[in-house]
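Everything on this sheet refers to the single structure shown next.
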Amino acid sequence: MKVNGKVVTALGGSIETSNDTVTVDGIKIVPVSKFTYIMLYKPKGCITSAHDEKGRKTVYDYIDVQVPHLVPVGRLDYDTEGLLLMTNDGELVNRLAHPSGEVPKTYLVRVEGQFPEHILAKLRKGVEIDGVLTKRSKVKLLEQGEKEAKLTITITEGRNRQVRRMFEAVERNVVFLKRVAIGELKLGGLARGGWRYLHEDEVEYLKNL
Ligand code: URA
């Protein structure tokens, strides 16, 4: 075994996993992360916390492995579905879920009504929620039907029920809301209610967001 290129024979030495390079027979040894990172496709009709006094389903009901101290990164409303990260890496939780964070989150939305350009422009520029303007957002109109429209909206804040309230601010009612991405990390083809471990490169990506 070599640590930083030097042969180590003594037992009981310590290594700093983030700085030291350890090789055995020339092969680099990468430590298994002590944390767990999970992506869940949260269905609607469950809450993003561990306990509910009303006995409703929680996101933990969908995770069929025991992981100590696993917590959701931020939250999605009871009626919202989509990408929810869960981890026991407290540092990553703080970084990603901080309300002042700039992490872009993208939602697919079905909304009642028509979306002429001036309404889209208003949503992009910022609307008032509780007397405070929302930050600039990206809004794309994907389909405009007779009664409903399909859009994507990307926001960088995480205010309470923000997407629903942004559409309320332009007098439109959200009928379907699904988070499809956090930064470049996409929900992809995960089944509703399904989950998977994040890949190492996905974890690295999130840590550098
Ligand atoms: N915006 C909402 O309105 N609800 C969510 O769950 C997430 C963002």
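The values are calculated or read from the model by the stated rules, or taken from the named source; none is laboratory data. For clarity, every value in this text was computed on a predicted model and none was experimentally measured. Positions of Cβ are generated from backbone atoms using ideal geometry, with glycine treated the same way; all protein chains shown enter the neighbour counts. Protein only, heavy atoms only, side chains kept; ligands, DNA and RNA dropped before computing areas. Shrake-Rupley method; radii C 1.70, N 1.55, O 1.52, S 1.80 Å.
Limited to the stretch 159-179, what total is found for residues that are among the polar types (S, T, N, Q) and over 17 Å from the mean Cα position of the chain (by Cα)?
1
Just checking, which of Arg164, Arg196, Arg192 is open to solvent by 20 Å² or more (accessible area, probe 1.4 Å) and within 13 Å of the ligand (Cβ to nearest atom)?
Arg164
Look through the stretch 96-137, keep the residues that are of a type in the set (D, E, K, R) and under 17 Å from the mean Cα position of the chain (by Cα), and return whichever of them is least open to solvent (accessible area, probe 1.4 Å).
Per the criteria, the residue is Lys105.
Quick one: in the stretch 167-187, of everything that is more than 11 Å from the ligand (Cβ to nearest atom), assigned to a strand (DSSP E or B) and of a type in the set (Val, Ile, Thr), which residue is surrounded by the fewest Cβ atoms within 10 Å (Cβ to Cβ)?
The residue in question is Val175.
Just to be sure, is Ile155 within 16 Å of the ligand (Cβ to nearest atom) and touching a Pro at 6+ places or on another chain (Cβ under 8 Å)?
yes
Looking for something at pLDDT 95 or above, in contact with a helix residue (DSSP H, G or I) (Cβ under 7 Å, 6 or more places away or on another chain) and within 16 Å of the ligand (Cβ to nearest atom) - is there at least one such residue anywhere in the stretch 91-104?
Scanning the stretch 91-104 turns up no residue that is at pLDDT 95 or above, in contact with a helix residue (DSSP H, G or I) (Cβ under 7 Å, 6 or more places away or on another chain) and within 16 Å of the ligand (Cβ to nearest atom).
Answer yes or no as to whether Lys140 is more than 20 Å from Val180 (Cα to Cα), open to solvent by 40 Å² or more (accessible area, probe 1.4 Å) and not assigned by TED's automatic domain parsing to the domain that holds Ala191.
In short, no.
Can you tell me which of Gly90, Gly55, Gly74 is open to solvent by 30 Å² or more (accessible area, probe 1.4 Å), touching a Gly at 6+ places or on another chain (Cβ under 6 Å) and either under 30 Å from Gly193 (Cα atoms) or among the aromatic types (Phe, Trp, Tyr) (or both)?
Gly74
Looking only at residues that are among the basic types (Lys, Arg) and touching a strand residue (DSSP E or B) at 6+ places or on another chain (Cβ under 8 Å) in the stretch 143-161, which one is most open to solvent (accessible area, probe 1.4 Å)?
Applying the filter and picking the extreme gives Lys147.
Could you list all residues from the stretch 188-209 that are in a strand (DSSP E or B) and farther than 18 Å from Gly45 by Cα?
If the condition is that a residue be in a strand (DSSP E or B) and farther than 18 Å from Gly45 by Cα, then Arg196, Tyr197 are the ones that fit.
In this structure, is Leu85 in the same structural domain as Gly189 (by TED's automatic domain parsing), under 28 Å from Trp195 (Cα atoms) and buried (at least 16 other Cβ atoms within 10 Å of the Cβ)?
Yes.
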